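Okay, so here's the structure we're looking at.
The values are calculated or read from the model by the stated rules, or taken from the named source; none is laboratory data. All values derive from a computational prediction rather than experimental measurement. Quick reminder, even Gly has a Cβ in these numbers, built from the backbone with ideal geometry, and neighbours come from all protein chains shown. Each accessible area value is taken on the protein alone, full model and side chains, heavy atoms only, with ligands, DNA and RNA left out. Shrake-Rupley method; radii C 1.70, N 1.55, O 1.52, S 1.80 Å.
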Amino acid sequence: MTIYQKLYEGKAKILYATDDPDVLLTYFKDDATAFNAQKKGSIQGKGAVNCAISSHLFQQLAARGVPTHFIDQPSANEMRVRAVTIVPLEVVVRNIAAGSLCRETGLELGTVLKRPLVEFYYKNDGLGDPLLTRDRLLLLELATPEQVEQLQTMALQINQMLSEFFEGCGITLVDFKLEFGLDRNQQLILADEISPDTCRLWNQAEKDPQRRVMDKDRFRLDLGNVESAYQQVMERVLKAKL
Ligand code: UDP
């Protein structure tokens, strides 16, 4: 397929137009950033690993009835996706307290939440992706009340499926971030990626709080062995089915 112009270059991916206006091509890069791009680096092989993991997870979710933007994976670093208008929200689901939830509430790292927590962040780098209240979200008209309900429901369903999937890989799904888009019929569909860049994943075979980390926290917190952790997630994920 002929590749036309570069539409957008983000921190971890590049988006290209294709000869079909309904289809876009995502190129997964090795570049890594953290703390709103204050920390920059590269994780060797990350692009291909995240592309493979995301493709597999999107296919597993689609088989269970979740609408996703995934079409196919034409090469190691490339995913063809349906063109959507991205909803400017980061939908975070948490099962176990970590990261900003601990920093901002004082909850101890590793606290198992009584029920999953769904949180909405404003996808706006200039503002530092702030946590939104539901009223602020509606005030800014980032989604309609019906869409908020639907996002919450879809996020919890996806959490149930992904938690079960990762459990089968010997991995605990601590928390993760989703992005959604609207298709031409204004239907919400799951977009972006699901990978160790966007999930916290703990190896159940390790109890040590640093050794168990299999996700981007290895990069954020300079824990070392970043590449091999991502590789390990990919090996387990590609073997598993929902
Ligand atoms: N996350 C993400 N992109 C972001 C912010 C968060 O993918 O811009 C993911 C992150 O990897 C984690 C979850 O969302 O799995 C919750 O992140 P948190 O709010 O704890 O942020 P952090 O502590 O990383 O600043």
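Distance from the C-alpha centroid of the range 75-120 to that of the range 27-74: 15 Å, rounded to the whole angstrom. Stokes-Einstein diffusion of the chain at 4 °C, 1.567 mPa s viscosity, Kirkwood radius from Cα pairs, rounded to a whole number: 70 µm²/s. Surface exposure of the chain, expressed per residue as accessible area with a 1.4 Å probe, stands at 50 Å². With the convex hull drawn around the C-alpha atoms of the range 1-47, the volume per residue stands at 79 Å³. Please report the carbon-and-sulfur percent of the accessible area for the chain; probe 1.4 Å, protein heavy atoms only, DNA, RNA and ligands left out. Taking all protein chains in place, the chain shows 49 percent carbon and sulfur surface.
All C-alpha to C-alpha distances of the range 87-147, sorted into 5 Å bins beginning at zero, yield P(r) values of 4, 17, 24, 23, 16, 13, 4 percent in whole numbers. Classified by the C-alpha gyration tensor, the range 136-226 has a prolate form. Its axis ratio a/c, with a ≥ b ≥ c, is 1.5 or above, and a/b is larger than b/c. Rounded, prolate or oblate: which fits the range 89-187, taking a ≥ b ≥ c as square roots of the Cα gyration tensor eigenvalues, rounded meaning a/c under 1.5, else prolate when a/b beats b/c? It is oblate, given that a/c is not under 1.5 and a/b is not larger than b/c.
The packing ranking of peptides 95-108, 179-192, highest mean first, is 179-192, 95-108, where packing means the average number of other beta carbon atoms within 10 angstrom of each residue.
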